[in-house]
2 protein chains.
Amino acid sequence: MTKSALQIARASYKPKMPEVLKGNIRIKEGTATESAGDQEEIKKLFPNIYGLPILDFVADEGQPGMKDPINVGVILSGGQAPGGHNVIAGIYDGIKRLHSESRLYGFILGPSGLINHEYKELTGDIIDEYRNTGGFDIIGSGRTKLETKEQFDKGLEILKKLDIRALVIIGGDDSNTNACVLAEYYQSINAGVQVIGCPKTIDGDLKNKQIETSFGFDTACKVYSELIGNIERDCNSSRKYWHFIKVMGRSASHIALECALQTHPNICIISEEIEAKKWSLDDIVEYIAGIIANRAEQGLNFGTIIIPEGLIEFIPAIKKLIEELNDFFAHSSDEFNLVRRSQQRDYIISKLSPENAKIYASLPEKVAKQLALDRDPHGNVQVSMIQTEELLSQMVGKKLDEWTNEGKYKGKFSAIHHFFGYEGRSAAPSNYDADYCYSLGYTASMLIAGGKTGYMASVRNTTAPADKWIAGGIPITMMMNMERRSGKMKPVIRKALVELEGAPFRYFKSQRGKWAIETDYVYPGPIQYFGPVEVCDQPTKTLQLEQKGIQMTFL
Amino acid sequence: MTKSALQIARASYKPKMPEVLKGNIRIKEGTATESAGDQEEIKKLFPNIYGLPILDFVADEGQPGMKDPINVGVILSGGQAPGGHNVIAGIYDGIKRLHSESRLYGFILGPSGLINHEYKELTGDIIDEYRNTGGFDIIGSGRTKLETKEQFDKGLEILKKLDIRALVIIGGDDSNTNACVLAEYYQSINAGVQVIGCPKTIDGDLKNKQIETSFGFDTACKVYSELIGNIERDCNSSRKYWHFIKVMGRSASHIALECALQTHPNICIISEEIEAKKWSLDDIVEYIAGIIANRAEQGLNFGTIIIPEGLIEFIPAIKKLIEELNDFFAHSSDEFNLVRRSQQRDYIISKLSPENAKIYASLPEKVAKQLALDRDPHGNVQVSMIQTEELLSQMVGKKLDEWTNEGKYKGKFSAIHHFFGYEGRSAAPSNYDADYCYSLGYTASMLIAGGKTGYMASVRNTTAPADKWIAGGIPITMMMNMERRSGKMKPVIRKALVELEGAPFRYFKSQRGKWAIETDYVYPGPIQYFGPVEVCDQPTKTLQLEQKGIQMTFL
């Protein structure tokens, strides 16, 4: 592995940790907890681990340690997020501190590694190669879902063989849901294997009162904001383009919102608001075109627009259209395939309900085609393939042409498109994520030492300096409720969408009028690792607003 | 202007300078020079400034100073490049050091500001707001060409009015060519206005023996390499995608090559090599597909490919096709517009020569359409609009399908596309560009003090520590030759393409076989401003290879 100069210099960074994790700890148990919703059902589904107390680590005398070594397994699940390697380093350092002969095993390419018995021991040499680096390449990741008894039993075989007594699953809401199901199952059969989850996802939608943020969100948003800032500066220099910038975040708009708070674009669309206001696609187009026309009146024929990846599914009318299309293709795809290509569009229009037909007819050709042709193996529209940034800019262009003809708009409109996702998922972690992840991993090892299962590692108060961070464990059942998934009611961790009453959105809302018309771009620049604290160690604006409120953050 | 924490911290950075610029200087003149080619013609076109000597600054006793203040004008020309603001800060500090009452005027939105008399005085307060920042927004930039006597005379009016005795033009090869023509003209009429050029372009194609590199190339390549490295790490973690990454660089592949040297992708296409080897589009597709198939045999169904923006124009067969298409549309566009859309493709094929018809027929529908429909106001194909990254991945996909049918390939191929350009043009300058640009600006002011005109500011030996850099001036005529442009022979600065015999390409060639098959990705990470010297102050690999050779650079 050829290393860059930065990678070499950064390898020796020692993540900052909560004071409490530096010495011996005692686990303080709170009172019994309840699930976020549907308490009766959740309790029935998780009889062995329901209602566990919140755990807080408290400093204790002596040195941390265990009489016997403990073997631990770790799994990376789902999409990459910056800091995953530091979680693993934290677990490793934690269990080694507890007993020098403890061992850490990594399962290869995600949950399938557990089922297929593909693993490798993660020794000190390997761990050192990956400290403070991005990516999940130390053991790879995967999207296999751990859901069935057969999988659990198959996994148990290898866990027993390797004498692994605890498994740490690093993943998003779904993976932590599955970790919880697994914890319950192993507990129910007295398997002697604890299961601990760690909150990962750049999307930032795994959070609640006890889990402040998922790791990776900080770094990914900072990488995207670096690029958006650079584009804004370019835009403000050449003064002739509108940049339509889509950012990752399929379900929630946290990334778009955080990037907006960091860079002050002229426009940022928040899916959750569109849904709440029941806006149509045309409403969005009109809103964007309106701001473009306003700026044009001041001679400003340029700007930046941030669009969340998942927007299209939050537009109620489009959601309905997609549902009808899915239904149509589920029943009539053989018929449809006989229709000549040039007539497919009209054919679809003839088959839809009048309301949806009208919307479908209004879509640009390319998007209409994508909705008709690009389907996943289950026949569903692949919404993530739809280039929302191009869709919007085309429709805005058309709207502005109409306004030009009506004499309502006299500007020039030229659009450039960007999509940022893969550019940030595997970036080397910021100080925040490096510290947070290492602490999460270390915390997981202490929960293991305490004999806990069905918990998520929790590190809180992270807008304070790291030594004041609070560490402990949150029972995963506490975050759950029942939701319909693929037609069945299932226990799941509630996904955290952008709250329209929360401080981050409220602050954005109070500023966006100004940002739209004035050019108040902010250029955050690249993530820094060696500079002053206020440059290197800032948490996200989202977290600062949530924890400190608006005044403290922006004073 | 709301400022980010990094911007605030970075504002106080004092660019490093050549030792010689810190005190008083004497200008040492070399012997008379010759133009790069067509000496007789160039001499005839530039009778007043042809053959000037190379100038070197030498340390002298005393303090730098002029008896009288001097007013200087500055113009930013063409696309943004990181460091432009520091050139201006260098000029400002230079002329203020020469005389505290000197003034600097910036012409607004490029050369048109000079012609239209749009300007603003750049005072110390303004300059301080822009030190070490990216973008050209201090005065904006533009693409108007300064070419005609009328423009020159119009410009002279405002220069005289503001008592400006020297004009600094910051731009690429074309803008510096125009600066030279302007210098000659003002000299010929004894206008009393000196003209000095500064080498700017992220593309890196304005360089020669005396101009080591154009500013902005370093920073832009580092931003793109940060992103490419992040994508590589993602790719190596999820192990299921081929990323096709197009990078800016219309005429030359310097950016693609530098990014490859920094990140070790599996494949990097260099346009100059394609042209030299007379490869067809199909040859390129076969080359890429071959490496993909090779990796697939080892179970590696992922990789990264860097593609230079201008590739398509360097493929001899496509170049010929485009020429014939341009010719066809110049004469037959009325006819063509009568043809039904669904038959346009066949119509074009019927009109082309057999050789070009075959190539046109082989192109994916989308690209064929772009070649037929998207034309600039002169009827030419807009090559920059063609999504080469998608074109290649589609054709590669088709080729792999064929190989699958023939049993020659058993892998999975899934492509993701990226284009990086605007993300890097206005980034805040790296230390290298911040230092280099400031020194260029300061050098320009010293050339002005020396009464020079028709020179480009030159700072050399930049792979050494900054205090050992050499500063002076290079007569612009020295870089010129005659070339055909829009049908006419014109004096122009020779564009520096990637040299296939140069050290950067030779090193790349020696390594690419290994990079293709092994996964030897390098993750450069984001530009750092505050860390160790080896992280913050490295020049480009290109420059290191050119100046120090392969062994020194990679030992």
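The listed residues are A:I91, A:I49, and the only one of them that is of a type in the set (A, V, I, L, M) and outside any loop (DSSP other than H, G, I, E, B) turns out to be A:I91. If you check A:D68 against the conditions, is it under 24 Å from A:A89 (Cβ atoms) and assigned to a loop (DSSP other than H, G, I, E, B)? In short, yes.
Please indicate, with yes or no, whether at least one residue in segment A:333-341 is of a type outside the set (D, E, K, R), assigned by TED's automatic domain parsing to the domain that holds A:K278 and within 30 Å of A:I231 (Cα to Cα). Outline the logic, then answer.
If we filter segment A:333-341 for residues that are of a type outside the set (D, E, K, R), which is where we start, we get A:333, A:336-339.
Going one step further and asking which of them are assigned by TED's automatic domain parsing to the domain that holds A:K278, we end up with A:333, A:336-339.
Filter once more, keeping what is within 30 Å of A:I231 (Cα to Cα): none.
Checked segment A:333-341: no residue is of a type outside the set (D, E, K, R), assigned by TED's automatic domain parsing to the domain that holds A:K278 and within 30 Å of A:I231 (Cα to Cα).
Only a single criterion out of (1) within 19 Å of B:F419 (Cα to Cα); (2) at pLDDT 95 or above is not satisfied by A:L391, namely (2). B:I75 satisfies every condition listed in (1) within 28 Å of the chain's Cα centre (by Cα); (2) more than 17 Å from B:S458 (Cα to Cα); (3) part of a helix (DSSP H, G or I) except (3).
B:P47 falls short on exactly one of the conditions (1) closer than 28 Å to B:D467 by Cβ; (2) in the same structural domain as B:I211 (by TED's automatic domain parsing), and that condition is (1). Residues of segment B:146-191 that are under 27 Å from B:E483 (Cβ atoms), polar (S, T, N, Q) and free of Cβ contacts under 8 Å to residues at least 24 places away in the same chain: B:T148 alone.
Please verify whether B:D467 is surrounded by fewer than 24 Cβ atoms within 10 Å (Cβ to Cβ) and in a helix (DSSP H, G or I), treating the condition exactly as stated. Answer is yes for this residue.
Scanning segment A:140-168 for residues that are more than 17 Å from A:V181 (Cα to Cα) and either surrounded by fewer than 16 Cβ atoms within 10 Å (Cβ to Cβ) or within 14 Å of chain B (Cβ to nearest Cβ) (or both) turns up A:G140, A:S141, A:G142, A:E157, A:K160, A:K161, A:D163.
In the set (1) touching a residue at least 60 places away in the same chain (Cβ under 8 Å); (2) within 14 Å of chain B (Cβ to nearest Cβ), the condition left unmet by A:A89 is number (2). Across segment B:471-494, not a single residue is classified as touching a Phe, Trp or Tyr at 6+ places or on another chain (Cβ under 8 Å) and surrounded by fewer than 20 Cβ atoms within 10 Å (Cβ to Cβ). Residue count for segment A:218-248, restricted to those that are over 18 Å from A:I291 (Cβ atoms) and either in a helix (DSSP H, G or I) or of a type in the set (G, A, S) (or both): 16. In the set (1) farther than 15 Å from A:I164 by Cα; (2) in a loop (DSSP other than H, G, I, E, B); (3) at pLDDT 95 or above, the condition left unmet by A:H117 is number (1).
Which one is nearest to the other protein chains (Cβ to nearest Cβ), of the residues in segment B:8-30 that are closer than 12 Å to A:G531 by Cβ and assigned to a helix (DSSP H, G or I)?
Just the residues of segment B:8-30 that are closer than 12 Å to A:G531 by Cβ, to begin with: B:8-10, B:12-13.
Now restrict to residues that are assigned to a helix (DSSP H, G or I): B:8-10.
On the way: B:I8: 8, B:A9: 5, B:R10: 7 Å.
The residue in question is B:A9.
Please go through segment B:508-541 and pick out each residue that is in a helix (DSSP H, G or I), farther than 19 Å from B:I274 by Cβ and either away from chain A (no Cβ under 12 Å) or basic (K, R) (or both). Selection gives B:K514, B:I517, B:K541.
Only residues that are surrounded by fewer than 24 Cβ atoms within 10 Å (Cβ to Cβ) and closer than 15 Å to A:V74 by Cβ were counted across segment A:179-193, and they come to 1. With respect to the conditions (1) in contact with an Asp or Glu (Cβ under 9 Å, 6 or more places away or on another chain); (2) part of a helix (DSSP H, G or I); (3) buried (at least 19 other Cβ atoms within 10 Å of the Cβ), A:S251 lacks only one, and its number is (2).
B:I75 meets all of the listed conditions (1) away from chain A (no Cβ under 14 Å); (2) closer than 30 Å to A:P526 by Cβ but one, namely (1).
Is there a residue in segment B:430-452 that is surrounded by 22 or more Cβ atoms within 10 Å (Cβ to Cβ), within 12 Å of chain A (Cβ to nearest Cβ) and more than 30 Å from B:Y360 (Cα to Cα)? There is at least one residue in segment B:430-452 that is surrounded by 22 or more Cβ atoms within 10 Å (Cβ to Cβ), within 12 Å of chain A (Cβ to nearest Cβ) and more than 30 Å from B:Y360 (Cα to Cα).
The numbered conditions (1) at pLDDT below 95; (2) crowded, with 24+ Cβ neighbours inside 10 Å are all true for B:Q210 except (2). Restricting attention to segment B:420-450, and to residues there that are touching a helix residue (DSSP H, G or I) at 6+ places or on another chain (Cβ under 6 Å) and not in a helix (DSSP H, G or I), which single residue is farthest from B:N71 (Cα to Cα)? For segment B:420-450, the residue satisfying everything is B:F420.
Within segment A:115-135, if we keep just the residues that are within 14 Å of chain B (Cβ to nearest Cβ) and closer than 19 Å to B:Y521 by Cβ, the residue that is surrounded by the most Cβ atoms within 10 Å (Cβ to Cβ) turns out to be A:G134.
Every test in (1) modelled with pLDDT of 95 or more; (2) within 14 Å of chain B (Cβ to nearest Cβ) is passed by A:M478 save one, and that test is (2). Of the residues making up segment B:306-328, those that are more than 23 Å from B:L227 (Cα to Cα) and of a type in the set (A, V, I, L, M) are B:I312, B:I315, B:A317, B:I318, B:L321, B:I322, B:L325.
For segment B:169-216, name all the residues that are polar (S, T, N, Q) and outside any loop (DSSP other than H, G, I, E, B). B:S175, B:N176, B:T177, B:N178, B:Q187, B:S188, B:Q194 - these are the residues of segment B:169-216 that are polar (S, T, N, Q) and outside any loop (DSSP other than H, G, I, E, B). I'd like to check something: does segment A:388-397 contain any residue that is away from chain B (no Cβ under 14 Å), surrounded by fewer than 24 Cβ atoms within 10 Å (Cβ to Cβ) and not in a helix (DSSP H, G or I)? Within segment A:388-397, none of the residues are away from chain B (no Cβ under 14 Å), surrounded by fewer than 24 Cβ atoms within 10 Å (Cβ to Cβ) and not in a helix (DSSP H, G or I).
The values are calculated or read from the model by the stated rules, or taken from the named source; none is laboratory data. Please read these numbers as outputs of a predicted model, since none were measured by experiment. Neighbour counts are summed over all protein chains in view; Cβ atoms, including those assigned to glycine, are modelled from backbone coordinates with ideal geometry.
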